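Okay, structure first, notes after.
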Amino acid sequence: MLAAVLPYAIAMVSLALALSLLRLLLGPDAPDRILALDTLYINAIALLILFGLMQGSALYFEAALLIAVMGFVGTVALSKYLLRGDIME
């Protein structure tokens, strides 16, 4: 059952990834682009987890954790830059 659903799930997450990339490139202002970047890395995490389930490998889960940490730090840094104009205090 899982093997039959995984290709459809991967296709839907890939579509969401492509739409997030489109919003990142065409976003009207900086907050929209930051939100698109945040959604982009969450979709990348979901795609890696789905690939890990399909391949049966734990390596994809570790890569997803690394992307989650780096994405969170990047989102916080960009948000602080938008609010204050400076990242470091």
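Every number here is computed from the coordinates shown, using simple stated rules; none is lab data. Given the structure is predicted, the values throughout are model-derived calculations rather than measurements.
Miscellaneous remarks
- The chain: calculated mean residue ellipticity at 222 nm from DSSP helix runs of at least 4, using -39500 (n - 2.57): -31000 deg cm²/dmol
- Viscosity 0.890 mPa s, temperature 25 °C, Stokes-Einstein D of the stretch 1-55 from Kirkwood C-alpha radius, µm²/s: 209 µm²/s
- Computed over the stretch 19-89, the ratio Rg/Rh where both radii use C-alpha atoms and Rh is Kirkwood: 1.09
- Once the Cα atoms are used to define both axes, helix 30-55 deviates from the longest principal axis of the chain by about 20 degrees.
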